[in-house]
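Student: The structure under discussion is supplied below as structure tokens; questions concerning it will follow.
The values are calculated or read from the model by the stated rules, or taken from the named source; none is laboratory data. Predicted model, so just to flag it, every value in this text is computed and none were measured. Here the Cβ is made from the backbone with ideal geometry for all residues, glycine too, and neighbour counts use every protein chain on show. Remember, those area values only see protein heavy atoms, side chains included, never the ligands or the DNA or RNA. Shrake-Rupley method; radii C 1.70, N 1.55, O 1.52, S 1.80 Å.
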Amino acid sequence: MHIRLLIGIATVIAFAFLVFHLLFGKDSIPEQRRIVKEIELYQKEIDSLTKVLEQRDELIQKLKTDSLYKEEILRTRYGMSREGEKAFQLVK
């Protein structure tokens, strides 16, 4: 009879320890959910930054190969003009 009682108590203690560990331990269920949310957040940031990098790569490629695009940038951003060309700037 004592052995059954000791086994029962040991089982209850082990079960209580397991439940405590699952709810409040280092690898608890709430901690795992928090980590999953954090990973999702970082993945969204990575995706966003990947899009920015792709856009920059496209811009670099256009600047290397597209002379009309380079001319447009020089004219609009830097106000440059061709030799002998008159440029007028409208002020609001």
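Student: Would you please calculate the Kirkwood hydrodynamic radius of region 1-48 over all C-alpha pairs and express it in Å, rounded to one decimal?
Tutor: Hydrodynamic radius (Kirkwood, Cα pairs) of region 1-48 is 13.3 Å.
Student: Then there is this: Measuring from a point 7 Å past the Cα of Glu31 along Cα-to-C-beta, which residues in region 1-24 have an amide N at less than 15 Å?
Tutor: 18-24, by backbone N distance to the label point.
Student: Right, next: Report the calculated FRET efficiency for Thr76 and Val52 (r = Cβ-Cβ distance, R0 = 30 Å), to the nearest 0.05.
Tutor: After rounding, the FRET efficiency stands at 0.85.
Student: Using a 1.4 Å probe on the protein chains only, how many percent of the accessible area of the chain belongs to carbon and sulfur?
Tutor: 63 percent
Student: Taking a probe of 1.4 angstrom, what is the accessible area of Thr11 in Å², to the nearest 10?
Tutor: Roll a 1.4 Å probe over it and Thr11 shows about 80 Å².
Student: Lysine pairs in the chain with alpha-carbon atoms under 22 Å apart, 8 or more places apart or on different chains: how many are there?
Tutor: 6
Student: While we're looking at this one, here's another question. Would you calculate a helix-derived [θ] at 222 nm for the chain, using -39,500 (n - 2.57) for each DSSP H run of n ≥ 4 and dividing by the full residue count, to the nearest 500?
Tutor: -27500 deg cm²/dmol
Student: Using the Karplus curve 6.51 cos²θ - 1.76 cosθ + 1.60 with θ = phi - 60°, what ³J(HN,Hα) values do you get for each residue of region 26-39, in whole Hz, with x for Gly and Pro?
Tutor: Whole-Hz 3J(HN,Hα) from phi for region 26-39: 4, 9, 6, 4, x, 5, 5, 5, 4, 5, 4, 4, 5, 5.
Student: Any idea of Leu53's accessible area? Nearest 10 Å², probe 1.4 Å.
Tutor: So the heavy atoms of Leu53 present about 110 Å² to solvent.
Student: Hey, what's the chain come to in accessible area per residue, 1.4 Å probe, Å²?
Tutor: Value returned for the chain: 101 Å² of accessible area per residue.
Student: Based on the alpha-carbon gyration tensor of the chain, what equivalent-ellipsoid semi-axes (square roots of 5 times the eigenvalues) come out, in whole Å, largest first?
Tutor: With the √(5λ) rule applied to the chain, the semi-axes are 73, 13, 5 Å.
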